[in-house]
1. Any idea which of Ile63, Ile31 is in contact (Cβ under 8 Å) with a residue 12 or more places away in the chain and either surrounded by fewer than 21 Cβ atoms within 10 Å (Cβ to Cβ) or touching a Lys or Arg at 6+ places or on another chain (Cβ under 7 Å) (or both)?
2. Within the stretch 273-293, is even one residue outside any helix (DSSP H, G or I), under 30 Å from Val197 (Cβ atoms) and modelled with pLDDT of 95 or more?
3. Checking Glu359 against (1) touching a Pro at 6+ places or on another chain (Cβ under 9 Å); (2) open to solvent by less than 80 Å² (accessible area, probe 1.4 Å); (3) more than 23 Å from Glu403 (Cα to Cα); (4) not hydrophobic (A, V, I, L, M, F, W, C): exactly one of these is not met. Which one?
4. Of the conditions (1) under 18 Å from the mean Cα position of the chain (by Cα); (2) surrounded by fewer than 18 Cβ atoms within 10 Å (Cβ to Cβ); (3) outside any helix (DSSP H, G or I); (4) touching a residue at least 40 places away in the same chain (Cβ under 8 Å), Gln237 clears all except one; give me its number.
5. Looking only at the stretch 373-403, which residues are charged (D, E, K, R) and out of contact with any Lys or Arg (no Cβ under 9 Å at 6 or more places or on another chain)?
6. Restricting to the stretch 299-337, give me the number of residues that are of a type outside the set (A, V, I, L, M) and open to solvent by 30 Å² or more (accessible area, probe 1.4 Å).
7. Which residue pairs have Cβ atoms under 8 Å apart, sit 6 or more places apart or on different chains, and have a first residue in the stretch 343-371 that is at pLDDT 95 or above and a second that is open to solvent by 50 Å² or more (accessible area, probe 1.4 Å) and among the basic types (Lys, Arg)?
8. Hey, can you tell me all the residues within the stretch 193-215 that are without any contact (Cβ under 8 Å) to a residue 12 or more places away in the chain and either more than 16 Å from Met232 (Cβ to Cβ) or surrounded by fewer than 17 Cβ atoms within 10 Å (Cβ to Cβ) (or both)?
Amino acid sequence: MSPMTSENEAAVSAAVAKLYDTYPFPPEPLIDEPPPGYNWRWYWPTAYNFCTGRLPETEQVRILDAGCGSGVGTEYLVHLNPQAQVTGIDLSAGTLKVARERCQRSGADRVTFQNLSIYDVDQIAGQFDLINCVGVLHHMPDPIKGIQSLAAKVAPGGLLHIFVYAALGRWEISLMQEAIAMLQGENRGDYRDGVSVGRQLFEALPENNRIVKRDKERWALENHQDECFADMYVHPQEVDYTIDTLFELIDASGLEFVGFSNPQYWSLERLIAKAPDVMERAQKLDRRAQYRLIELLDPELTHYEFFLARPPLLCMDWSDDQRLLAAYPTLTPCLSGWPSRSFFNADYQLIQVSDSEYEFLQACEASAGKKETVADVLAKSPLELSEVRSLQSRQLILLEPSE
């Protein structure tokens, strides 16, 4: 790396740190109890199940929150994973101060924080079973160097969960970012001035302006907070991806792409099932080309969220009836409104289950800790094996192999 490149990276990193020292992010309030709800991507058993089809062999794992910000995600990682050792790193000392207080107040005491750039994560000893990196790589001057630094810290059989911005759904944001920067001129880097300029622009623009309408549709609820407005519109460094550039980033990591954690969006059937000829043509494309086609036809996507893994990943195929019958089923803890025949699933989507599915799920919950197999539960709550597989594929139950 040339000295000039190194100096530029340092300058950009310093500018990003200054933004978050000025506006610690995310700005969620600090509370004196565990945070409400859940994010299944941050709960080791459900994240591992999504990637492998089975429960992990242990919950005594090491987790890294890379670019933890004010500790909102870190707090969840600690409370959702009571047997894990959690580490949070961030380059903003001011934001880390908030993260420490947040976790201290809510009782998330199994966490260690370090004021550290992702580039320097090799300074932490050992590897991690789960690395969570949400909303960070796209703010780094060299995201490829960043993802490579993280990939080196993923343990064999471990997972890297990433969230980065998508260009097509953030087009209006990028326009406003450029407009604010132009108007700031030499004041760019004064983030309070940038927020002021942006607020005045939104007040002045006509109500039917495309940027204003998009902001009201998608972002206005959170952007009443200056921390969110600054993060969105006056950030000093941002890379927005398309499928093509995203997979350049993924390929550079050297890890395996497991899949997007919002698979419903990446369904061709959702968009073109009514055109069988077009569907047939689309299915002949390779998988990455299919992803690109989907985002072109539905350019609302504002971010990509996905898992990478370091082999060997112990994936499980439940197509064998005897293997399925011998497995130990567990009701997923990431449900809201349970017990009921109508409740919110792991993605907070309202679903309904049949009476027989409901009885089976109740029996799974009652069998917790008893090492009862699927066959044992079916003896009390009959269900077709295809329905059991459906419950597993929808992450309503988690399966542990008996072998």
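The values are calculated or read from the model by the stated rules, or taken from the named source; none is laboratory data. None of these values were measured; they are calculated from a predicted model. Every residue, glycine as well, gets a Cβ built from its backbone with ideal geometry; the counts of neighbours run over all protein chains shown. Side chains are part of the model used for accessible areas, which takes the heavy atoms of the whole protein and leaves out ligands, DNA and RNA. Shrake-Rupley method; radii C 1.70, N 1.55, O 1.52, S 1.80 Å.
1. Values: Ile63 fails: either surrounded by fewer than 21 Cβ atoms within 10 Å (Cβ to Cβ) or touching a Lys or Arg at 6+ places or on another chain (Cβ under 7 Å) (or both).
None of the others qualify; the one that does is Ile31.
2. Pass one, the stretch 273-293, residues outside any helix (DSSP H, G or I): 273-275, 284-286.
Of the ones still in play, those that are also under 30 Å from Val197 (Cβ atoms) are none.
Within the stretch 273-293, none of the residues are outside any helix (DSSP H, G or I), under 30 Å from Val197 (Cβ atoms) and modelled with pLDDT of 95 or more.
3. (2)
4. Checking Gln237 against (1) under 18 Å from the mean Cα position of the chain (by Cα); (2) surrounded by fewer than 18 Cβ atoms within 10 Å (Cβ to Cβ); (3) outside any helix (DSSP H, G or I); (4) touching a residue at least 40 places away in the same chain (Cβ under 8 Å), the one that fails is (1).
5. First, pick out the residues of the stretch 373-403 that are charged (D, E, K, R): 376, 380, 384, 387, 389, 394, 400, 403.
Of everything in the stretch 373-403, those that are charged (D, E, K, R) and out of contact with any Lys or Arg (no Cβ under 9 Å at 6 or more places or on another chain) turn out to be Lys380, Glu384, Glu387, Arg389, Arg394.
6. To start, the set of residues in the stretch 299-337 that are of a type outside the set (A, V, I, L, M) comprises 299-300, 302-307, 310-312, 315, 317-323, 328-330, 332-334, 336-337.
Still in the list and also open to solvent by 30 Å² or more (accessible area, probe 1.4 Å): 299-300, 303, 310-312, 315, 317, 319-323, 328, 330, 333, 336-337.
Here the count works out to 18.
7. That search, which allows pairs on different chains as well, returns Asn345/Arg394; Ile351/Arg394; Gln352/Arg341; Val353/Arg341; Ser354/Arg341; Asp355/Arg341; Tyr358/Arg341; Ala363/Lys380.
8. Of the residues in the stretch 193-215, the ones without any contact (Cβ under 8 Å) to a residue 12 or more places away in the chain are 193, 196, 200, 203-209, 212-213.
Answer for the stretch 193-215, where residues must be without any contact (Cβ under 8 Å) to a residue 12 or more places away in the chain and either more than 16 Å from Met232 (Cβ to Cβ) or surrounded by fewer than 17 Cβ atoms within 10 Å (Cβ to Cβ) (or both): Asp193, Ser196, Gln200, Glu203, Ala204, Leu205, Pro206, Glu207, Asn208, Asn209, Lys213.
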